[in-house]
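These notes are about the structure you will find just below.
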Protein chains: 2
Amino acid sequence: MIEYETRYHFSQERFRVKYQIFEESKRAKEIAEAICVEQTIEFPIELTGNSIRENVVGKIEEIQNNHNSTVVTISYPVETVGNEPAQFFNVIMGNCSLFPNLKIIGLQLSPSIENIFPGPRYGISGLRKLLSIYNRPLLATAIKPMGLSTDQLAQMAYNLALGGVDIIKDDHGLADQPFSKFKDRVLKVTEAIHKANRETGFHTIYAPNITSNEQTMLKQAEFVKEAGSGALLVSPALSGFSSFITLRENTDLPILSHPAFLGGYLSIMDFDVLFGTIQRMIGADVVIFPNYGGRFTFSKEDCRKINHGLKKPFGSFKEIFPSPAGGMNIDSCGDIVSFYNKDVVLLIGGALHKAGADLTENVKAFKAQVEKIHVR
Amino acid sequence: MIEYETRYHFSQERFRVKYQIFEESKRAKEIAEAICVEQTIEFPIELTGNSIRENVVGKIEEIQNNHNSTVVTISYPVETVGNEPAQFFNVIMGNCSLFPNLKIIGLQLSPSIENIFPGPRYGISGLRKLLSIYNRPLLATAIKPMGLSTDQLAQMAYNLALGGVDIIKDDHGLADQPFSKFKDRVLKVTEAIHKANRETGFHTIYAPNITSNEQTMLKQAEFVKEAGSGALLVSPALSGFSSFITLRENTDLPILSHPAFLGGYLSIMDFDVLFGTIQRMIGADVVIFPNYGGRFTFSKEDCRKINHGLKKPFGSFKEIFPSPAGGMNIDSCGDIVSFYNKDVVLLIGGALHKAGADLTENVKAFKAQVEKIHVR
């Protein structure tokens, strides 16, 4: 006969997750109680003894009924996570990702949980120091479109770097395609940018897209490091958060996080969690996301949340850069800086090409525009 | 001056993605056109030459307006994927995961794309052969709840195996926690099940949960293989699809796929894609998902789609087992088998414990119930 009791001595250290439940208050309370069980024991609670109920099951710490939804804070014992990032995401949202009408709107970690996440290596202050740029936004652009050869992309990177842009990233759609193979591109684009840097005295860095499985990313990061490109681009939803963390722990290059494939999670996490706090936990230094007013539908309020999630005090995790993108142009820079403040990576892609045939001149105009902005 | 033309000789091999766009027809067509660009060149199309437009950009192959939505089939050149699974997901849903009102409802691969996915090693026929069970559903259960010690879980596994259940899996919440460490659990639970097998002549296998980052999963899979447990449990949304694929390529154990953290993707993919075809591509042999009528809100229609996605002809990928779960009990077995047919893994967790204190007897009752079912 099995006794459903635990004999383990729990530390009583707990972390907290704030859920918003889009149901009327009575139903929301039932769901909150279901979450406490579903995310931990996933077992008939009436069969369990006090030791399990008290130590293992989630606890409702606070519940607040709003107009259309209920906000509930649930605490979980750190022991449920077992020092494993994937298991952390399992505890906070594993099975209940399959519940409708529910999302995470806040995380309050505890020391043991903080310790299992690497956090950003650089963050805003570290990346500024690396680039020796302290008093203005960073300027970024991308080499694209898909289909160009490595030589064409290298020429483009050279022209962009001549104008003095701070960061050139691969378009997130560039991978290891036959029209531009990864290693060849890393070498030639890096060389082109280094050549421009020698001519201008600027220090443009290059972030090749290494998004892949974990093994491949680690090898590619090593290759990028040796090439001297200076940074990495990864889409964490495509690589998996766990692989992103492994990468962060195994490279000393700054990492730009791209939102490709991440959108599905907006149905289970609010903007500041998905694009903010979680990105800091897994170790991104710059987070790219769709700005309001571009090709995507993110609102000003959504973007305000993201900016807050990236920069608010959050445990021991460094603040990191927002990089609002997705249809930005030179004229939007002033507005972006006044919205996000000077700690922002201004990322202009296609519009820099639309502005005229001379990419170097376009970057110079971009830079001149930013220098005119009175930074906060 | 950059020329936005490609010089690469494209094969003209294309794969197709069917999107459902929940907008009125005129707006839906604009979105479809935006997808063609966003998912490939992500660049002002007016600047590109014919070679890019013809060879790289997605093409609308078919568009059909329904009552509340528009279904559009878009084809992409295989070269955009560059033989990289993560990049495949990027092309089909990367940036447009950030569009609202849009989901993937079908995939039609081409030979080059099929080749980059491992597919199931066993599938329904292979797993049946491995277990020597050909004419009835498979019976599965889980050891739980979180908080029990390894000795308690091993005792539980022994009692369950004595009853002759086919598969015992870890609860997906069991990881490497201090109350039950991974390696110790694998060894002791496997030993307990082997002991029961020797006594009964049954061949119960055990699927420990190895969900983690890729490196850790590979090591843990090796450990499970050496222990002789017989199978693996992984939550692909927590590990990342890419790591799941790497695992599949590096282990010869059958893999059970758990839906933890996968729910967010239901906002961007339909049930049969997320729980069906994609699971076959990445190499799951059994897919666990919430059955209709349990603790979750999946409908019969949702589950019908999943069953179809798992078993319909789909390229060269083997058919794999549905494992509807989330609140099933012995009495639901007949209904489940008549709904899914005999190719189903009946997974009963908590209800097997609620049925009485003698787990061995409960499993026997479960088995007797299934043997009474007239299988199709």
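The values are calculated or read from the model by the stated rules, or taken from the named source; none is laboratory data. Being a predicted model, the structure only gives us computed values, none of them experimental. Every residue, glycine as well, gets a Cβ built from its backbone with ideal geometry; the counts of neighbours run over all protein chains shown.
When the residues of the stretch B:194-240 are filtered to those that are in a loop (DSSP other than H, G, I, E, B) and away from chain A (no Cβ under 14 Å), which remaining residue is farthest from B:D285 (Cα to Cα)? Please lay out each step first, then the result.
If we filter the stretch B:194-240 for residues that are in a loop (DSSP other than H, G, I, E, B), which is where we start, we get B:201-204, B:208, B:210-213, B:228-229, B:231, B:235, B:240.
If we keep only those that are away from chain A (no Cβ under 14 Å) too, we end up with B:201-204, B:228-229, B:231.
Numbers: B:G201: 25, B:F202: 21, B:H203: 18, B:T204: 17, B:G228: 18, B:S229: 16, B:A231: 10 Å.
Filtering the stretch B:194-240 for residues that are in a loop (DSSP other than H, G, I, E, B) and away from chain A (no Cβ under 14 Å), the one farthest from B:D285 (Cα to Cα) comes out as B:G201.
With more than 16 Å from A:G240 (Cβ to Cβ) and either β-branched (V, I, T) or not assigned by TED's automatic domain parsing to the domain that holds B:L107 (or both) as the only criterion, which of B:G240, B:G264, B:G230 stands out? Write out each step before concluding.
Working: B:G240 fails: more than 16 Å from A:G240 (Cβ to Cβ); B:G264 fails: more than 16 Å from A:G240 (Cβ to Cβ).
Among B:G240, B:G264, B:G230, only B:G230 is more than 16 Å from A:G240 (Cβ to Cβ) and either β-branched (V, I, T) or not assigned by TED's automatic domain parsing to the domain that holds B:L107 (or both).
Kindly evaluate B:L138 against the criterion of being more than 21 Å from B:A221 (Cα to Cα), touching a residue at least 24 places away in the same chain (Cβ under 8 Å) and not polar (S, T, N, Q).
Considered against the rule, which asks whether it is more than 21 Å from B:A221 (Cα to Cα), touching a residue at least 24 places away in the same chain (Cβ under 8 Å) and not polar (S, T, N, Q), B:L138 comes out as yes.
Which of the residues belonging to the stretch A:154-176 are in contact with a helix residue (DSSP H, G or I) (Cβ under 6 Å, 6 or more places away or on another chain) and under 26 Å from B:P77 (Cβ atoms)?
Result: A:A154, A:A157, A:I168, A:A175, A:D176.
State yes or no: is A:Y19 modelled with pLDDT of 95 or more and away from chain B (no Cβ under 12 Å)?
Working: modelled with pLDDT of 95 or more: yes; away from chain B (no Cβ under 12 Å): yes.
Yes: the conditions hold for A:Y19.
Under the condition of being at the interface with another protein chain (Cβ under 10 Å from one of its Cβ atoms) and either among the basic types (K, R) or surrounded by fewer than 24 Cβ atoms within 10 Å (Cβ to Cβ) (or both), which residue from the stretch A:154-178 is farthest from B:M93 (Cα to Cα)?
Checking each candidate, the answer is A:N159.
For A:S51, state whether it is modelled with pLDDT of 95 or more and not β-branched (V, I, T).
Numbers: modelled with pLDDT of 95 or more: yes; not β-branched (V, I, T): yes.
Taking the combined requirement at face value, the residue satisfies it.
All but one of (1) within 27 Å of A:G240 (Cα to Cα); (2) β-branched (V, I, T); (3) surrounded by 22 or more Cβ atoms within 10 Å (Cβ to Cβ) hold for A:I105, so report the exception by its number.
Of (1) within 27 Å of A:G240 (Cα to Cα); (2) β-branched (V, I, T); (3) surrounded by 22 or more Cβ atoms within 10 Å (Cβ to Cβ), only one is false for A:I105: (3).
In the stretch A:346-376, how many are free of Cβ contacts under 8 Å to residues at least 40 places away in the same chain and more than 13 Å from chain B (Cβ to nearest Cβ)?
Qualifying residue count, the stretch A:346-376: 6.
Looking at B:S149, B:S97, B:S112, B:S125 in this structure, which one is hydroxyl-bearing (S, T, Y) and away from chain A (no Cβ under 14 Å)?
B:S125
Any idea which of (1) in a loop (DSSP other than H, G, I, E, B); (2) without any contact (Cβ under 8 Å) to a residue 40 or more places away in the chain is the one B:R121 doesn't satisfy?
Answer for B:R121: the failing condition is (2).
Can you tell me how many residues in the stretch A:200-223 are in contact (Cβ under 8 Å) with a residue 40 or more places away in the chain and either within 21 Å of B:F88 (Cβ to Cβ) or surrounded by fewer than 20 Cβ atoms within 10 Å (Cβ to Cβ) (or both)? Working first, answer last.
Pass one, the stretch A:200-223, residues in contact (Cβ under 8 Å) with a residue 40 or more places away in the chain: A:202-207, A:209, A:211, A:223.
From the residues that got through so far, the ones that are either within 21 Å of B:F88 (Cβ to Cβ) or surrounded by fewer than 20 Cβ atoms within 10 Å (Cβ to Cβ) (or both) too are A:202-203, A:209, A:211, A:223.
Residues that pass the stated criteria total 5.
So, in the stretch A:16-32, exactly how many residues are surrounded by 17 or more Cβ atoms within 10 Å (Cβ to Cβ) and in contact with a strand residue (DSSP E or B) (Cβ under 6 Å, 6 or more places away or on another chain)?
So the answer is 9.
Under 7 Å by Cβ, and 6 or more places apart or on different chains, what pairs join a residue from the stretch A:188-199 that is modelled with pLDDT under 95 with one that is hydrophobic (A, V, I, L, M, F, W, C)?
Filtered contacts from the stretch A:188-199: no entries.
Output the residue which, of all residues in the stretch B:46-72 that are in contact with a strand residue (DSSP E or B) (Cβ under 9 Å, 6 or more places away or on another chain) and surrounded by fewer than 14 Cβ atoms within 10 Å (Cβ to Cβ), is farthest from B:P100 (Cα to Cα).
B:E62
A quick yes/no check of all residues on (1) within 14 Å of another protein chain (Cβ to nearest Cβ); (2) of a type outside the set (K, R); (3) touching a residue at least 60 places away in the same chain (Cβ under 8 Å):
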| residue | (1), (2), (3) |
| --- | --- |
| A:Y4 | yes, yes, no |
| A:R7 | yes, no, no |
| A:E23 | yes, yes, yes |
| A:Q39 | yes, yes, no |
| A:G49 | yes, yes, no |
| A:R53 | yes, no, no |
| A:E61 | no, yes, no |
| A:T70 | no, yes, no |
| A:I74 | no, yes, no |
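What single numbered condition from (1) within 22 Å of A:P178 (Cβ to Cβ); (2) under 17 Å from the mean Cα position of the chain (by Cα); (3) small (G, A, S) fails to hold for B:S112?
Only one criterion in (1) within 22 Å of A:P178 (Cβ to Cβ); (2) under 17 Å from the mean Cα position of the chain (by Cα); (3) small (G, A, S) is unmet by B:S112, namely (2).
Does B:S257 fit the bill of being within 17 Å of B:G126 (Cα to Cα), free of Cβ contacts under 8 Å to residues at least 40 places away in the same chain and not aliphatic (A, V, I, L, M)?
It is true that B:S257 is within 17 Å of B:G126 (Cα to Cα), free of Cβ contacts under 8 Å to residues at least 40 places away in the same chain and not aliphatic (A, V, I, L, M).
So that you can scan it fast, the table gives a plain yes or no per residue for (1) crowded, with 24+ Cβ neighbours inside 10 Å; (2) over 27 Å from B:A368 (Cα atoms); (3) in contact with an Asp or Glu (Cβ under 6 Å, 6 or more places away or on another chain):
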site: B:A237; (1), (2), (3): yes, yes, no
site: B:S243; (1), (2), (3): yes, yes, yes
site: B:S257; (1), (2), (3): yes, no, no
site: B:Y265; (1), (2), (3): yes, yes, no
site: B:F275; (1), (2), (3): yes, yes, no
site: B:K318; (1), (2), (3): no, yes, no
site: B:D331; (1), (2), (3): no, no, no
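State all residues of the stretch B:224-235 that are surrounded by fewer than 21 Cβ atoms within 10 Å (Cβ to Cβ) and aliphatic (A, V, I, L, M); if no residue qualifies, say none.
Across the stretch B:224-235, the qualifying residue is only B:A227.
In this structure, is A:I124 of a type in the set (A, V, I, L, M) and either crowded, with 24+ Cβ neighbours inside 10 Å or touching a strand residue (DSSP E or B) at 6+ places or on another chain (Cβ under 7 Å) (or both)?
Taking the combined requirement at face value, the residue satisfies it.
For the stretch B:89-118, what are the residues that are touching a strand residue (DSSP E or B) at 6+ places or on another chain (Cβ under 9 Å), assigned to a loop (DSSP other than H, G, I, E, B) and under 21 Å from A:T211 (Cβ atoms)?
B:F99, B:L109
Can you find a residue in the stretch B:176-192 that is outside the structural domain of B:A28 (by TED's automatic domain parsing) and touching a Cys at 6+ places or on another chain (Cβ under 8 Å)?
No, there is no match, as no residue in the stretch B:176-192 is outside the structural domain of B:A28 (by TED's automatic domain parsing) and touching a Cys at 6+ places or on another chain (Cβ under 8 Å).
Only residues in the stretch A:291-312 that are within 14 Å of chain B (Cβ to nearest Cβ) count as the first member; pair them with residues that are surrounded by fewer than 16 Cβ atoms within 10 Å (Cβ to Cβ) and at pLDDT 95 or above, Cβ under 6 angstrom, at least 6 apart or cross-chain, and list the lot.
Cβ pairs passing all conditions: A:Y292/A:S299; A:Y292/A:K300.
Scan the stretch B:300-315 and tell me whether some residue there is modelled with pLDDT of 95 or more, buried (at least 22 other Cβ atoms within 10 Å of the Cβ), among the basic types (K, R) and within 26 Å of B:C96 (Cα to Cα).
No, the stretch B:300-315 has no match at all.
Quickly run through the stretch B:244-285 and pick out the residues that are of a type in the set (D, E, K, R), within 14 Å of another protein chain (Cβ to nearest Cβ) and more than 16 Å from B:K305 (Cα to Cα).
B:R248, B:E249
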